[in-house]
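S.K.: Questions regarding the structure given below will be posed in turn.
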Amino acid sequence: MNAAIIKYNAGNIRSVENALLRLGAEVVVTDDRETIRKADCVLFPGQGEASNTMNYLRERKLDVLIKSLTQPVLGICIGMQLMCRHSEEGNTDCLGIFDVDVKKFCPRDNSFKIPHMGWNSLYNLNGALYRDVKEDSFVYFIHSFYVAQNKWSVADCEYIHPYCASLNKDNFYATQFHPEKSGRVGEQILNNFLSLAKK
């Protein structure tokens with residue numbers, strides 16, 4: 001199992017690499033387009049700022065590459081947000097794989113802190129990424145922007161209001177939370193993703 005992690009100007013990539021290695025995958029962190037194209041599966045993780053990250057991807061033509069991939073692709077955190085149409089962060093046009101927008105959390109009162117950081121539960125679980133994952137399982141989040149519930153939602157969460165925690169369209173999957181930081185639940189989700197590339 002050969003997994004490619006897209007290398008770009010975002011943090012937290014190494015923790016994803018370590019999680020995949022623990023699951024027995026062969027992992028390469030790269031921005032080489034041909035290496036990414038030939039991988040069994042591709043991960044697009046990280047923490048970062050939308051406009052700077054999209055500029056980096058466009059300069060290296062990685063934006064075009066990502067949209068053209070046919071193997072399983074998993075966006076994590078900023079990776080999920082950049083797979084959407086537009087982000088309020090930096091008024092950024094993104095990849096448009098999912099025709100939904102990314103919006104900034106607007107707390108109703110001081111009891112809600114931004115960013116939303118820490119453990120929260122998932123519900124409305126659906127699809128291959130959540131095989132053997134129970135409703136109301138807890139996963140780890142850190143984000144200030146969110147995607148509203150939509151027709152591609154395969155998991156939801158609630159903070160300030162309900163929102164989409166995970167997306168799926170064809171071979172493209174995405175999680176707003178960090179499976180690599182989410183203990184056994186996150187390990188199961190990553191293992192389910194790797195299993196998609198074996199089919």
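S.K.: Shape call for the range 1-109 from the C-alpha gyration tensor, a ≥ b ≥ c root eigenvalues: rounded (a/c under 1.5), prolate (a/b greater than b/c) or oblate? Please report the intermediate quantities before stating the final value.
M.R.: Values: a/c = 2.06, a/b = 1.52, b/c = 1.35.
It comes out prolate by the Cα gyration axes.
S.K.: Roughly how many Å² is the accessible area per residue of the chain, as a whole number, for a 1.4 Å probe? Show your work: numbers first, answer last.
M.R.: Working: 8900 Å² over 199 residues.
Each residue of the chain exposes 45 Å² on average to a 1.4 Å probe.
S.K.: I would also like to ask the following. Please identify the trypsin sites (Lys or Arg not before Pro) of the range 1-97 that satisfy two criteria: DSSP loop assignment and at most 13 other Cβ atoms within 10 Å. Which are they? Before the final figure, lay out each step's value.
M.R.: Numbers: sites: LYS7, ARG14, ARG22, ARG33, ARG37, LYS38, ARG58, ARG60, LYS61, LYS67, ARG85; in loops: LYS7, ARG60, LYS61.
Answer in residue order: LYS61.
S.K.: Using the Cα centre of the range 56-199 as origin and beta-carbon charges of +1 (Lys, Arg) and -1 (Asp, Glu), tell me which of ILE189, SER68, ILE160 is placed farthest towards the positive end of the dipole.
M.R.: Comparing the listed Cα positions along the dipole, SER68 ranks first.
S.K.: To continue, here is another question. How large is the dipole of the chain about the Cα centre if only Lys and Arg carry +1 and Asp and Glu carry -1, each at its Cβ, rounded to the nearest 20 debye? Let's see the in-between values first.
M.R.: Numbers: 23 positive and 23 negative charges, 56 e Å.
The calculated dipole for the chain is roughly 260 debye.
S.K.: Moving on. Tally Lys/Arg at +1 and Asp/Glu at -1 over every other residue whose Cβ is under 15 Å from the Cβ of ARG33; what's the total? The partial results should precede the final answer.
M.R.: Working: positive: LYS7, ARG37, LYS38, ARG58, ARG60, LYS61, LYS67; negative: ASP31, ASP32, GLU34, GLU59, ASP63.
So the surrounding residues net to +2.
S.K.: For LYS134, which aspartates and glutamates qualify as cross-link partners when the Cα separation must be under 16 Å and same-chain residues fewer than eight apart are set aside?
M.R.: Correct list for LYS134: ASP156, GLU187.
S.K.: OK, next. Largest first, how would HIS143, HIS86 line up by accessible area (1.4 Å probe)? Could you put the intermediate results ahead of the total?
M.R.: Working: HIS143 10, HIS86 30 Å².
Solvent-accessible surface, decreasing: HIS86, HIS143.
S.K.: Excluding residues fewer than 8 places away in the same chain, name every one of the aspartates and glutamates whose C-alpha is closer than 16 Å to that of LYS113.
M.R.: The reachable aspartates and glutamates, counting only those whose Cα sits under 16 Å from LYS113, are GLU158.
S.K.: Moving on to the next point. Quick one: net charge around TYR140, please, counting Lys, Arg +1 and Asp, Glu -1 for every other residue with C-beta under 13 Å from its C-beta. Provide the component values of the computation, followed by the final result.
M.R.: Values: positive: LYS181, ARG184; negative: GLU180, GLU187.
With Lys, Arg at +1 and Asp, Glu at -1, the neighbours total 0.
S.K.: Over the heavy atoms of ASP136, what accessible area does a 1.4 Å probe trace out, to the nearest 10 Å²?
M.R.: Accessible surface of ASP136 is approximately 90 Å².
S.K.: Let me ask another. Measure off, as a whole percent, the carbon and sulfur share of the 1.4 Å-probe accessible area of the chain, all protein chains present.
M.R.: Details: 3950 of 8900 Å².
On the chain, the fraction of accessible area on carbon and sulfur atoms equals 44 percent.
S.K.: For each pair in LYS67/LYS198; LYS7/LYS61; LYS38/LYS198; LYS7/LYS38, compute the distance between the two Cα atoms and list the pairs where it is over 18 Å. Walk me through the numbers on the way to the answer.
M.R.: Numbers: LYS67/LYS198 21 Å; LYS7/LYS61 13 Å; LYS38/LYS198 14 Å; LYS7/LYS38 15 Å.
Among LYS67/LYS198; LYS7/LYS61; LYS38/LYS198; LYS7/LYS38, the Cα-Cα distance tops 18 Å for LYS67/LYS198.
S.K.: Rounded, prolate or oblate: which fits the range 81-166 when a ≥ b ≥ c are the square roots of the eigenvalues of the alpha-carbon gyration tensor, with rounded for a/c under 1.5 and prolate only if a/b beats b/c?
M.R.: In terms of gyration-tensor shape, oblate.
S.K.: For the chain, what is the mean residue ellipticity at 222 nm derived from helices alone (per DSSP H run of n ≥ 4: -39500 (n - 2.57); sum divided by total residues; nearest 500 deg cm²/dmol)? Let's see the in-between values first.
M.R.: Numbers: 6 runs with 52 residues, N = 199.
Result for the chain, helices only: -7500 deg cm²/dmol.
S.K.: If we count every other residue with Cβ under 12 angstrom of ALA4's Cβ, Lys/Arg +1 and Asp/Glu -1, where does the sum land?
M.R.: Working: positive: LYS7, ARG33, ARG37, LYS38; negative: GLU17, GLU26, ASP31, ASP32, GLU34, ASP40.
Surrounding charge for ALA4 is -2.
S.K.: Further question on the same structure: Heavy atoms only, 1.4 Å probe, whole protein assembly: order TYR159, TYR130 by accessible area, highest first. Can you show the working numbers first?
M.R.: Working: TYR159 40, TYR130 10 Å².
Result of the area sort, largest leading: TYR159, TYR130.
The values are calculated or read from the model by the stated rules, or taken from the named source; none is laboratory data. These figures come from a predicted structure and were not determined experimentally. So basically every Cβ, Gly included, is an ideal-geometry build from the backbone, and we count neighbours across all protein chains shown. Ligands, DNA and RNA are stripped out before the accessible areas are found, and what is left, the full protein with its side chains, is counted by its heavy atoms. Shrake-Rupley method; radii C 1.70, N 1.55, O 1.52, S 1.80 Å.
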